[in-house]
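*Asks:* Quick one: this structure, given as structure tokens, is what I'll be asking you about.
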Amino acid sequence: MANANPSAGHGGARGANKLPDLRELSHAELAGVLGELGAPAFRVKQVEEWLARPEVQGFDAMTNLPKDLREKLAERYTLSSMALAATRVSKDGSRKYLVRCASDGTYVECVGLPSAGRLSVCVSTQAGCAMGCSFCATGRAGLTRSLSAREIADQVGVVRADFGLRVSSVVFMGQGEPFANYDATLAALRILNAPGPETIGARHLTVSTCGIIPRIRQFSKEPEQFTLAISLHSAVQATRNALMPAVRKYPLTRLHEVLGEYAERTHRRPTYEFAPIEGVNDTNPEVDALVDFCAGTLCHVNLIHLNELEGSPLKPSAASRVRGIQARLERAGVETTIREPRGQDIEAACGQLRQRLEGLGF
Ligand code: SAH
Ligand code: SF4
């Protein structure tokens, strides 16, 4: 994805909100604020009930409060840790957003993808990423900082508000490595999965990781049935080391083992993301290794189109080669889907969010 840079977005710009976030206040602070505004004590509980609902992103939603109190609050506070800074709308209806963290002005991107009355959202878990995968634009820029749980979950609120639609699924596939920000990622999953009118089922919440084994193990022990995707990109250790240097210390043999345990424990099928790269991971020995890695295990392979980075020697494999890889996997009984690059008019600057969303069947 593009750098966290405000100039990356076009059109639809709105002023970034610099007001403090009401949800960051403690109970006592909130009571103090409401008291100063002349509200009776029972309003504190009413406001807290609204604040507990993550879909509430504006004071107008607080229908049991008097209008003047709502207005006074809105002049002084925001209800979202994220402010919409810019929107890009694709010809195919998907929208990419640049959002600004209210706390310090850091920018990240998220995407909304409507299809047949359903809305999928892709969120960032970090501004930038420290993993440095050689094919990834986010990795190139390095890590700015991890996002808080609220900042992750509030991206969903921004997209929901812009579309005015219920969100049916969320993928944690924007900028950043979710398992390098595990606690906030889990807390965000739980905010989104919390009971309420806008709740999103655990199976419709997907986290994608480059393969941080201790966290995969931890994730498989979480009580909810969240969905897991793994960026595999090669089942040959030397190739994977070159493409994804930060996960060298988590070798493929252990990854294979831990994913077997994950499937056994959760009865869930992990998705493997694999972007065929000409002459790098699409050769016959590479495909043999991929088949060996997957055959006989519970998994689904998504062959995704490599988004070329400027100045990078890495090129996507020819379509015929990708079909050949799919055929080999399917002969071995491994369910495989080829994801065509789409929505490129807005993806060009940021990677292949659209494709990744579709890659998970959303
Ligand atoms: N850090 C996590 C999630 C964010 S990246 C992860 O790596 O899984 C989301 C997906 O985009 C990953 O599957 C990643 O491998 C893929 N990706 C990154 N750069 C890409 C590129 N240039 N072309 C195609 N897919 C890419
Ligand atoms: Fe990009 Fe994911 Fe690698 Fe980070 S871990 S550099 S986001 S592919």
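*Asks:* Set the Förster radius R0 to 45 Å, insert the Cβ-Cβ distance between ALA52 and HIS256 as r into 1/(1 + (r/R0)^6), and round the FRET efficiency to 0.05.
*Replies:* Working: r = 41 Å, r/R0 = 0.92.
E(calc), rounded to 0.05, equals 0.60.
*Asks:* Moving on to the next point. Could you do me a favour and compute the accessible area per residue for the range 22-76, 1.4 Å probe, result in Å²? Walk me through the numbers before you get to the answer.
*Replies:* On the way: 3100 Å² over 55 residues.
Ligands and nucleic acids excluded, the figure is 56 Å² per residue.
*Asks:* Can you give the FRET efficiency to the nearest 0.05 for GLU36 and ALA187, using r as the Cβ-Cβ distance and R₀ = 25 Å?
*Replies:* Values: r = 30 Å, r/R0 = 1.21.
Calculated value: 0.25.
*Asks:* Can you tell me which lysines have their Cα less than 25 Å from the Cα of LYS72? Leave out same-chain residues fewer than eight positions away.
*Replies:* Partners within reach: LYS18, LYS45.
*Asks:* Work out, step by step, the length gained on full extension between GLU29 and GLU198: first 0.36 nm times the residue separation, then minus their alpha carbon distance; give nm to one decimal. Show your work: numbers first, answer last.
*Replies:* Details: separation 169, 0.36 × 169 = 60.84 nm, distance 2.74 nm.
My answer for the length gained is 58.1 nm.
*Asks:* Counting only residues 5 or more places away or on other chains, whose amide H sits under 5 Å from the amide H of THR144 once H atoms are built in the peptide plane?
*Replies:* ALA127, GLY128, CYS129
*Asks:* Moving on. Taking the Cα atoms of the range 234-330, what is the range of coordinates along each of the three principal axes, in descending order and whole Å?
*Replies:* 42, 30, 22
*Asks:* For the range 245-256, what does the Karplus curve 6.51 cos²θ - 1.76 cosθ + 1.60, with θ = phi - 60°, yield as ³J(HN,Hα) per residue in whole Hz, taken in order and with x for Gly and Pro?
*Replies:* These are the phi-based 3J(HN,Hα) values: x, 6, 9, 3, 6, 10, x, 4, 4, 6, 4, 4 Hz.
*Asks:* Between ARG248 and ALA116, how many nm apart are label points set 7 Å from Cα along the C-beta direction?
*Replies:* Simple spin-label model gives 4.5 nm for this pair.
*Asks:* Indicate, rounded to the nearest 5 percent, the antiparallel portion of the DSSP beta bridges found entirely in the chain. Intermediate values should be presented prior to the final figure.
*Replies:* On the way: 22 of 44 bridges.
Antiparallel bridges make up about 50 percent of those DSSP assigns within the chain.
*Asks:* Please name which of THR78, ASN302, GLY164 has its Cα lying farthest along the dipole of the chain towards the positive end, using unit charges on Cβ (Lys, Arg +1; Asp, Glu -1) and the Cα centre as origin.
*Replies:* Value computed over the given set: ASN302.
*Asks:* Shifting gears a bit: Rounded to the nearest 20 debye, what is the charge dipole size of the range 17-89 about its Cα centre when +1 sits on each Lys and Arg Cβ and -1 on each Asp and Glu Cβ? Walk me through the numbers before you get to the answer.
*Replies:* Details: 10 positive and 11 negative charges, 32 e Å.
The calculation lands at about 160 debye.
*Asks:* Taking 25 Å as R0, compute the FRET efficiency from the Cβ-Cβ separation of VAL89 and LEU19 and round it to 0.05.
*Replies:* Values: r = 27 Å, r/R0 = 1.08.
Efficiency, rounded to the nearest 0.05: 0.40.
*Asks:* Sticking with this structure for a sec: Mind listing the long-range amide H neighbours of TYR272? Cut-off is under 5 Å, sequence gap 5 or more, other chains count too, H placed in the peptide plane at 1.01 Å from N.
*Replies:* Hits under the 5 Å cutoff: ILE230, HIS300, VAL301, ASN302.
*Asks:* Treating the angle as unsigned and between 0 and 90°, give the value, to the nearest 10°, between the Cα long axis of helix 149-163 and the longest Cα principal axis of the chain.
*Replies:* Roughly 80 degrees between the two axes.
*Asks:* Run lengths n ≥ 4 of DSSP H only: what is the helix-derived mean residue ellipticity at 222 nm for the chain, with -39500 (n - 2.57) per run over all residues, to the nearest 500?
*Replies:* On the way: 13 runs with 127 residues, N = 362.
Estimated from H runs of four or more residues: -10000 deg cm²/dmol.
*Asks:* What distance in nm lies between label points placed 7 Å from Cα along the C-beta direction at ALA318 and GLU224?
*Replies:* Output for this residue pair reads 4.6 nm.
*Asks:* In terms of modelled amide H atoms, which long-range or inter-chain residues lie less than 5 Å from the amide H of GLU278?
*Replies:* Under 5 Å from the amide H of GLU278 lie the amide H atoms of LYS315, SER317, each far enough along the sequence or on another chain.
*Asks:* So which aspartates and glutamates can LYS96 reach, going by Cα to Cα under 17 Å and dropping same-chain residues fewer than 8 places off?
*Replies:* Hits, sequence-local ones excluded: GLU109, GLU151, ASP154, ASP162, ASP345, GLU347, GLU358.
*Asks:* Angle check, please: helix 27-36 long axis (alpha carbons) against the longest principal axis of the chain (alpha carbons), in degrees 0 to 90, nearest 10.
*Replies:* So the inclination is approximately 40 degrees.
*Asks:* Loop only per DSSP, at most 12 neighbouring Cβ atoms within 10 Å: give me the trypsin sites (Lys or Arg not before Pro) in the range 16-67, ordered by residue number.
*Replies:* Numbers: sites: LYS18, ARG23, ARG43, LYS45, LYS67; in loops: LYS18.
Taking the range 16-67 and a limit of 12 other Cβ atoms within 10 Å, the loop trypsin sites (Lys or Arg not before Pro) found are LYS18.
*Asks:* Students often forget the sequence filter, so: which lysines lie under 23 Å Cα-Cα from LYS221 once same-chain residues fewer than 8 apart are removed?
*Replies:* LYS249
*Asks:* Run the accessible area of the range 103-346 with a 1.4 Å probe and give the carbon-and-sulfur part as a rounded percent.
*Replies:* Values: 4800 of 9450 Å².
For the range 103-346, the apolar C and S fraction of the accessible surface comes to 51 percent.
*Asks:* Provide the per-residue ³J(HN,Hα) series for the range 89-103, in order, calculated from phi with Karplus coefficients 6.51, -1.76, 1.60 and θ = phi - 60°, each as a whole number of Hz, with x at glycine and proline positions.
*Replies:* Values per residue, Gly and Pro as x: 10, 7, 4, 8, x, 6, 10, 10, 10, 9, 10, 10, 5, 5, 5 Hz.
*Asks:* Per residue and in Å³, how big is the convex hull formed by the alpha-carbon atoms of the range 103-346?
*Replies:* Spread over its residues, the Cα hull of the range 103-346 gives 133 Å³ apiece.
The values are calculated or read from the model by the stated rules, or taken from the named source; none is laboratory data. Keep in mind that this is a model prediction, so the values were computed, not measured. Note that each Cβ is placed from the backbone with ideal geometry, even for glycine, and that neighbours are counted across all protein chains shown. Heads up: the accessible areas ignore ligands, DNA and RNA and are worked out on the full protein's heavy atoms, side chains in. Shrake-Rupley method; radii C 1.70, N 1.55, O 1.52, S 1.80 Å.
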